[in-house]
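The values are calculated or read from the model by the stated rules, or taken from the named source; none is laboratory data. The shown structure was predicted, so the numbers you read here are calculated from the model rather than taken from an experiment. Neighbour counts are summed over all protein chains in view; Cβ atoms, including those assigned to glycine, are modelled from backbone coordinates with ideal geometry. These accessible areas exclude ligands, DNA and RNA; they are computed on the full protein's heavy atoms, side chains included. Shrake-Rupley method; radii C 1.70, N 1.55, O 1.52, S 1.80 Å.
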Amino acid sequence: INKKPSLNTSAMKSYIQGNAVSQQVIFNTSSGKRFFSRMVDENLFADAISSFDRAIEQDSAFALAYAKRAIIRSWGYHTRNIDRSAIVKCRDDIEKAMALDKDLVENTIARGFYYYYCLDDYNKALSFFSRARKEQSNNWQCIYYMALVERVLGNWEESQELMARVLEFNPQDPLLLTNIGISEEMLRNYDKAVFYHDQAIRIMPDWPSAYSNKITALLLRNGNTAELRKIIDTASKKTEANLREFRIRADIYDGRFQEALHEIELSEPTDFDDRGRQLLMYSDIYRYMNNLRASVTFSGSALDWYEKKINEDPEQCENYSFMGIAYAGINNKALAIEYGENAVRMSEKNYLWYTDRRLNLAVIYVMTGEYEKSVKELDFLLGQPSLISVKLVQLDPVWNPLREMPEYKKLIARYSS
């Protein structure tokens, strides 16, 4: 990925044909950029696109370069490392590649990426990935792409069956393995999830996200912060990441709010999915410390941040969801619920986003005193594949206002059995 290829056309073609970025880049966001954080950044996308640009300058009829540049652009847009202009550029690259070589299988894959990441048309994306698989029956990546689309559609049986087929090829790809682990987390097969995250760590021990994903699996399984802290220490020694957000969460879960405040004061926005999450966590900590004035101040700052993000790209449902939490933090109940419920409606086509947005809505309901509605959201999420568990609900202080409710106690008893 970081090589600087020469402008020799044959060398450039070899580089692009073997480029791991353009071959293995598909993933889904379930919790921010958790699947692939710190393995990619804006520079990676810029460097990759620049490489394709130079290849095309040397050979304007190089169809493969257009197709793979389209894949990179669609992926960069999905990760929010490239703005919405990537959508039109991606489509233009695909059209150019099709005109040059309509039989190139990478064109079919690029079209799948385009419909998946740029247009959120998952059934259309699935049809193109399925077509690519028929053209290259021994290409496990096409099967992998299909599995991830089926997961987004909420077709878990189909997704898991395809994932099993991928594993028959014995791929040593940490992204694939940890993605399978996340599927197992959502299905609450936590032992299997830890196994696959461990496999990803074995293959790429300096990749922070594999450790983050393992931490999440263990939290969901055991609700044990001692385990979390051990993995953080290991990851800090083997990677360049400090996993500070997890350190802060561990302190919050343990009721060590002063320590959490100290840790977040040492943090940078890059320690979180975005600046808004950092501001909201500040607000949470101060709320748990009963410093409501400071809590409201940070929620207000988060509100400003997410309002700007929505103006930049009004299609991103997660920004509406977190804006709802920010409104709840400044005690504007009506707008908090409006934004939270709107985010749920916006996410209905994508199962992973949908469950995330419903979890955020449960948080909004508990923050605004709609306790019965919050319990109903938790009931839905605990009864479906999702990234929430009874252990984590019992650990997280955000749910403290629900603890004495009979409905909550019944909920915990039902899903603990």
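Here are the numbers:
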| read-out | value |
| --- | --- |
| Evaluation of Ala99 against (1) in contact (Cβ under 8 Å) with a residue 24 or more places away in the chain; (2) of a type in the set (A, V, I, L, M, F, W, C); (3) over 20 Å from Gln141 (Cα atoms) (one fails), failing number | (1) |
| Any hit, the range 50-60, residues being more than 22 Å from Ser137 (Cα to Cα), aliphatic (A, V, I, L, M) and without any contact (Cβ under 8 Å) to a residue 12 or more places away in the chain | no |
| For Leu387: the one exception among (1) in contact (Cβ under 8 Å) with a residue 24 or more places away in the chain; (2) over 22 Å from the mean Cα position of the chain (by Cα) | (2) |
| The range 118-128: number of residues that are within 16 Å of Ile143 (Cα to Cα) and open to solvent by 40 Å² or more (accessible area, probe 1.4 Å) | 3 |
| Flag if Asn290 is modelled with pLDDT of 95 or more and assigned to a loop (DSSP other than H, G, I, E, B) | yes |
| Residue that is surrounded by the most Cβ atoms within 10 Å (Cβ to Cβ) [pool: residues in the range 74-117 that are basic (Lys, Arg) and at pLDDT 95 or above] | Arg111 |
| Of all residues making up the range 276-287, the number that are in contact (Cβ under 8 Å) with a residue 60 or more places away in the chain and either over 27 Å from the mean Cα position of the chain (by Cα) or surrounded by 21 or more Cβ atoms within 10 Å (Cβ to Cβ) (or both) | 1 |
| Residue identified as more than 27 Å from the chain's Cα centre (by Cα) and open to solvent by less than 40 Å² (accessible area, probe 1.4 Å) among Ala294, Ala336, Ala326, Ala302 | Ala294 |
| Residue check for Glu150: acidic (Asp, Glu) and within 18 Å of the chain's Cα centre (by Cα) | yes |
| Set Ala200, Ala193: member being farther than 26 Å from Arg84 by Cβ, touching an Asp or Glu at 6+ places or on another chain (Cβ under 6 Å) and open to solvent by less than 10 Å² (accessible area, probe 1.4 Å) | Ala193 |
| Total residues in the range 390-416, condition over 23 Å from the mean Cα position of the chain (by Cα) and of a type in the set (Val, Ile, Thr) | 1 |
| Glu372, sole failed condition from (1) open to solvent by less than 50 Å² (accessible area, probe 1.4 Å); (2) more than 21 Å from Gly300 (Cβ to Cβ) | (1) |
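Yes/no matrix, rows are residues, columns are (1) closer than 19 Å to Asn350 by Cα; (2) among the β-branched types (Val, Ile, Thr):
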position	(1), (2)
Ser85	no, no
Glu95	no, no
Ala99	no, no
Tyr114	yes, no
Glu135	no, no
Ser159	yes, no
Leu162	yes, no
Val166	no, yes
